[in-house]
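Student: Would you mind keeping the following structure in view while I ask a few things?
The values are calculated or read from the model by the stated rules, or taken from the named source; none is laboratory data. Quick caveat, the model's predicted, so the values are computed rather than measured. Quick reminder, even Gly has a Cβ in these numbers, built from the backbone with ideal geometry, and neighbours come from all protein chains shown.
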Amino acid sequence: MTNRTIGVLAKEVGISVEAVRYYERLGLIEKPRTSGGSKWRIYEDRAMWALRYVKLAQDFGFSLAEIADLLSGAQEPPPVFCRNLRARVSMKLVEVEREIAALQSRREAIIEYLAGCAARDGTSECPIFKHLANGA
């Protein structure tokens, strides 16, 4: 087990010291213990694991509330935790795929309007303005 100060922990995980404090306030990581008679707060491996987990979950698009819920499942036996985690990540994938489809649809609409503009270049009729003016 490695013990580390907040600065060392932040550097290992690739986040700021303020981010470590923020996640601690949210309860996403355990409060550190103090070292003997000193004022140094010491973080253990569990904090590093939890912060790396938080970063990965954020990269997958999970909110901090969702991440807190995911972390609460870490108390389960590993097979149960992994099965539940896999199900949640699979649901997130479905959500991301829906978002991608919506963005692709938006992209196609924009391309269509731009093509209409290019076809009428130099005329007074703007298809985007016409569409907006008609309330469509």
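Student: If we keep just the residues of region 1-28 that are assigned to a loop (DSSP other than H, G, I, E, B) and touching a helix residue (DSSP H, G or I) at 6+ places or on another chain (Cβ under 9 Å), which is nearest to residue 53 (Cα to Cα)?
Tutor: Per the criteria, the residue is 28.
Student: Right, something else. When region 34-60 is examined, which residues are found to be over 14 Å from the mean Cα position of the chain (by Cα) and assigned to a loop (DSSP other than H, G, I, E, B)?
Tutor: 35, 36, 37, 38, 39, 40, 44
Student: Okay, next question. All but one of (1) surrounded by 10 or more Cβ atoms within 10 Å (Cβ to Cβ); (2) part of a helix (DSSP H, G or I); (3) without any contact (Cβ under 8 Å) to a residue 24 or more places away in the chain hold for residue 31, so report the exception by its number.
Tutor: Every condition holds for residue 31 apart from (2).
Student: Just name the residue that is farthest from residue 27 (Cα to Cα) out of those in region 49-86 that are surrounded by 10 or more Cβ atoms within 10 Å (Cβ to Cβ) and of a type in the set (Gly, Ala, Ser).
Tutor: Filtering region 49-86 for residues that are surrounded by 10 or more Cβ atoms within 10 Å (Cβ to Cβ) and of a type in the set (Gly, Ala, Ser), the one farthest from residue 27 (Cα to Cα) comes out as 61.
Student: Somewhere in region 75-85, is a residue in contact with a Phe, Trp or Tyr (Cβ under 7 Å, 6 or more places away or on another chain) and of a type outside the set (A, V, I, L, M, F, W, C)?
Tutor: No, region 75-85 contains no residue that is in contact with a Phe, Trp or Tyr (Cβ under 7 Å, 6 or more places away or on another chain) and of a type outside the set (A, V, I, L, M, F, W, C).
Student: Now, a different point. Is it the case, given these coordinates, that residue 68 is assigned to a helix (DSSP H, G or I) and at pLDDT below 95?
Tutor: Yes.
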